[in-house]
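Comments concern the structure below.
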Amino acid sequence: YFDKIVTPYKPRAIFLYAGENDVVNGLTPDEVLGDMKKYMDYKTRALGNTPVYYISAKASPARLPYAQDQQKANELVQGLTREREDLTYIDVAHGVWENGKLFGKLLPVFVEDGIHLNDVGRKEWTRVTKPHVDKEAARKDACR
């Protein structure tokens, strides 16, 4: 659906949150990476060097059994950033764990469903992502 959902808008930058639901729905970390590579190929064909910011999958209390595979998918996509200048990895995964220690104790940053972030979690997410958004917004050719 890339050509229907993304291409018509001709974005100057793309912020993409992916991987969390993919793993929960049965994809392996390698399949998540494969899908990300396909996404980047679509993006390159349609939008050239438009930068993509991959926002890492985060663990959550309701989906804790998937946390290891979600993080493995994050690491694989992070590795892809070393091959592609148009892909940046934004780490929000560490921010949901106490002291940033993966697979330790989750912080109380989730609403009752145990999946979505509460106000505290969203503030942390914003703290981590905002510098990248601001950088893109400051570009002379950025969308307004």
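The values are calculated or read from the model by the stated rules, or taken from the named source; none is laboratory data. Only a predicted model underlies this, so the values are computations on that prediction, with no experimental measurement involved. Glycine also receives a Cβ, built like all others from the backbone with ideal geometry; neighbour counts cover every protein chain displayed. Side chains are part of the model used for accessible areas, which takes the heavy atoms of the whole protein and leaves out ligands, DNA and RNA. Shrake-Rupley method; radii C 1.70, N 1.55, O 1.52, S 1.80 Å.
Some notes on this structure:
- Checking G104 against (1) within 19 Å of the chain's Cα centre (by Cα); (2) small (G, A, S); (3) over 17 Å from A13 (Cβ atoms), the condition it does not meet: (1)
- Check on Y66, out of contact with any Lys or Arg (no Cβ under 6 Å at 6 or more places or on another chain) and surrounded by fewer than 15 Cβ atoms within 10 Å (Cβ to Cβ): no
Residues are listed down the side, and each one gets a yes or a no for (1) more than 24 Å from A137 (Cβ to Cβ); (2) modelled with pLDDT of 95 or more; (3) in contact with a Phe, Trp or Tyr (Cβ under 8 Å, 6 or more places away or on another chain):
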position: L33; (1), (2), (3): yes, yes, no
position: K37; (1), (2), (3): yes, yes, no
position: R45; (1), (2), (3): yes, yes, no
position: Y53; (1), (2), (3): no, yes, yes
position: A59; (1), (2), (3): yes, yes, yes
position: L64; (1), (2), (3): yes, yes, no
position: D69; (1), (2), (3): yes, yes, no
position: K72; (1), (2), (3): yes, yes, no
position: L76; (1), (2), (3): yes, yes, no
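- Restricting the search to helices (runs of 4 or more DSSP H) fully inside the range 1-66 and requiring at least 1 residues that are of a type in the set (F, W, Y) gives 2-5, 29-47.
- Residue within the range 19-31 that is in contact with a strand residue (DSSP E or B) (Cβ under 9 Å, 6 or more places away or on another chain), of a type outside the set (G, A, S) and modelled with pLDDT of 95 or more present: no
- Any hit, the range 86-97, residues being part of a loop (DSSP other than H, G, I, E, B) and over 25 Å from H116 (Cβ atoms): yes
- When residues of the range 1-55 are limited to those that are among the aromatic types (F, W, Y) and open to solvent by 30 Å² or more (accessible area, probe 1.4 Å), the one farthest from Q78 (Cα to Cα): Y9
- V96 being closer than 27 Å to D134 by Cβ, open to solvent by less than 20 Å² (accessible area, probe 1.4 Å) and more than 17 Å from the chain's Cα centre (by Cα): no
- The range 116-144, subset within 15 Å of the chain's Cα centre (by Cα) and among the aliphatic types (A, V, I, L, M), residue most open to solvent (accessible area, probe 1.4 Å): V133
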